[in-house]
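The numbers here are math on the coordinates, done by the rules we state, and not lab data. Not measured: the values here are computed from a predicted model. Counting neighbours? That spans all protein chains shown, and the Cβs are built from the backbone with ideal geometry, glycine included.
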Amino acid sequence: MDLNVKSLFFLTKALAKPLRAAATKERPGKVINIASVDGLSVNPLETYSYQASKAAVIHLTRRMAAKLIRDNINVTAICPGAFASEMNKAAKDHGAEIAKHIPSRRIGTDEDMAGIAIYLASRAGDYVVGNSIAVDGGIVYANMSLPVAGE
């Protein structure tokens, strides 16, 4: 909670004054939080505190967005899925195997994350407020899960 939630809150609070000074209705300031798909849906791994803290980041994003949009500051979040990293060693070391369980049949790339960050930070993302966007190859919203008996 300290790293994932408190640090985002206090960093945004510390930067609020310069963000307000630079922001206009035509060119809002931007805060882009990094959450996780684990904050959007239940991961089968028993990583309780991680999942709860990422869900808290998503709610914090919404709450800060509701307050800061009045000052022309947009707050959003990116929710990555499987990307090869030191934190996600399974995707890093076994990407092809992990990809079999992702609807798009691949793990994320650096370009996938860069693209969403550029979009949210750019003029194209100026009307996006409070959203938490899954960048996950369909894990959260396109995964049909297990079929219901009889279908």
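Exposed loop sites, defined as trypsin sites (Lys or Arg not before Pro) outside DSSP H, G, I, E and B with at most 14 other Cβ atoms within 10 Å, are absent from the longest region of the chain, namely 26-99. Suppose every K and R has +1 on its Cβ and every D and E has -1 on its Cβ; what is the size of the dipole of the stretch 40-88 about the Cα centre, in Debye to the nearest 20? Dipole about the Cα centre, nearest 20: 320 debye. Size check on the chain: the Cα extents along the three principal axes, sorted descending, read 55, 35, 31 Å.
Neighbour counts of other Cβ atoms within 10 Å put Ser36, Ser7 in the fewest-to-most order Ser7, Ser36. The order of His101, His59, going from fewest to most other C-beta atoms within 10 Å of their C-beta, is His101, His59. In a simple Cβ point-charge model (Lys, Arg +1; Asp, Glu -1; nothing else charged), the chain has a dipole of about 820 debye relative to its Cα centre. Under the combined filter of DSSP loop state and at most 16 neighbouring Cβ atoms within 10 Å, the stretch 49-151 retains these chymotrypsin sites (Phe, Trp or Tyr not before Pro): Tyr127, Tyr141. For GluC sites (Glu not before Pro), the sites in the stretch 49-147 that DSSP calls loop and that have at most 15 other Cβ atoms within 10 Å are Glu86. Considering only alpha-carbon pairs that sit under 8 angstrom and 6 or more positions apart, the relative contact order computed for the chain is 26 percent. Using just its DSSP H runs of length 4 or more, each adding -39500 (n - 2.57), the chain gives a mean residue ellipticity at 222 nm of -12000 deg cm²/dmol after division by all residues.
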